[in-house]
Amino acid sequence: MTQRKVTLTENAAKRVAHLRQLEGDDGLMLRVEVNGGGCSGFQYKIDFDSKVKDDDHKFERDGVYLLVDDVSLDLMDGAEVDFVEELIGASFQINNPNATASCGCGTSFNIM
């Protein structure tokens, strides 16, 4: 059985490290969850957390940790969490190979 995983890009890890510094808490970890809803059926929720739950999977890049719960990992296996800065704004973006459709907002997706 192959190990399921989600990766953080270098840009995402740098942004999380910067935000942790602004918050004054090096123990904060980025949490990504998949919830039902949104324009396309599922939506991502991105937040900080300082606690690892029993069903969490913990991924690391450059000293920054990403938490994904077991159910969300089933829907995000192989995904990449990136941080993108563009003229219209800056945001975390998730490149999910399992998504068959996504919404223009970038936080909603569908899996067939």
In segment 49-67, the residues that are among the acidic types (D, E), outside any strand (DSSP E or B) and under 13 Å from R20 (Cβ atoms): D62
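Of a type in the set (D, E) and touching a Leu at 6+ places or on another chain (Cβ under 6 Å): which single residue out of D70, D56, D26 fits that description? If you could, list the steps in order and put the result at the bottom.
On the way: D70 fails: touching a Leu at 6+ places or on another chain (Cβ under 6 Å); D26 fails: touching a Leu at 6+ places or on another chain (Cβ under 6 Å).
Selected residue: D56, the only one of D70, D56, D26 that is of a type in the set (D, E) and touching a Leu at 6+ places or on another chain (Cβ under 6 Å).
In segment 34-48, which residue that is in a loop (DSSP other than H, G, I, E, B) and open to solvent by 40 Å² or more (accessible area, probe 1.4 Å) is nearest to R4 (Cα to Cα)? Full working, then the answer.
Pass one, segment 34-48, residues in a loop (DSSP other than H, G, I, E, B): 37-41.
Add one more test, that the residue is open to solvent by 40 Å² or more (accessible area, probe 1.4 Å), and what stays is 38-39.
Numbers: G38: 25, C39: 26 Å.
Here the answer is G38.
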G78 being more than 11 Å from the chain's Cα centre (by Cα), without any contact (Cβ under 8 Å) to a residue 12 or more places away in the chain and open to solvent by 40 Å² or more (accessible area, probe 1.4 Å): no
Options S108, S102, S40, S72; residue that is of a type in the set (S, T, Y) and either at pLDDT 85 or above or within 24 Å of R20 (Cβ to Cβ) (or both): S72
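Is segment 19-32 home to any residue that is touching a helix residue (DSSP H, G or I) at 6+ places or on another chain (Cβ under 6 Å) and within 22 Å of G78 (Cα to Cα)?
Restricting attention to segment 19-32, the residues satisfying the condition of being touching a helix residue (DSSP H, G or I) at 6+ places or on another chain (Cβ under 6 Å) are 26, 28, 30.
Then keep just the ones that are within 22 Å of G78 (Cα to Cα); that gives 30.
The answer is yes, given that some residue of segment 19-32 is touching a helix residue (DSSP H, G or I) at 6+ places or on another chain (Cβ under 6 Å) and within 22 Å of G78 (Cα to Cα).
Restricting to segment 1-33, name every residue that is assigned to a loop (DSSP other than H, G, I, E, B) and not aliphatic (A, V, I, L, M). Spell out the reasoning first.
At the first step, the residues of segment 1-33 found to be assigned to a loop (DSSP other than H, G, I, E, B) are 1-6, 9, 24-28.
Matches in segment 1-33: T2, Q3, R4, K5, T9, G24, D25, D26, G27.
The values are calculated or read from the model by the stated rules, or taken from the named source; none is laboratory data. Quick caveat: nothing in here was measured; it's all calculated off a predicted structure. When we count neighbours, we look across all protein chains shown, and the Cβ atoms used for this are built from the backbone with ideal geometry, even at glycine. Surface areas here come from the heavy atoms of the whole protein model, side chains and all, with no ligands, DNA or RNA. Shrake-Rupley method; radii C 1.70, N 1.55, O 1.52, S 1.80 Å.
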